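Take a look at the structure set out below.
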């Protein structure tokens, strides 16, 4: 067989590893464990605080109210949960609530006339307060 006729066959076989990786990702996502209930409760408590705080949330150059911020972060949580289990509220903050997945810019929170702070810090402070109110227990 001539070498130029082998090229399409080689290209077809070269796609198999990519197909296997895609199918493995879909298969693994189908069986991902849900976020443990205590972790989800902490995440929900943090996002409820953001929603009701009266603070604004900076995302990709635009300020949003707490309700829009919460909705956006819940969408990001759902996206992450499709790929695996969120093991801690800290992991949620790091993976979903600290920076834009598109631009890489950090999210910020601005409350009243105070200077904006990175959402990682603001949410971390809220998590500390939540845990303090519940006796300092961690999941």
Sort 55, 111 so the one with the fewest other Cβ atoms within 10 Å of its own Cβ comes first.
111, 55
Along its three principal axes, how long is the range 51-137 when you only count alpha carbons? Whole Å, largest extent first please.
33, 33, 19
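The numbers here are math on the coordinates, done by the rules we state, and not lab data. Keep in mind that what you see is a predicted model, and the values were worked out from it rather than measured. With ideal geometry, Cβ positions are generated from the backbone for all residues, glycine too; neighbour counts draw on all protein chains shown.
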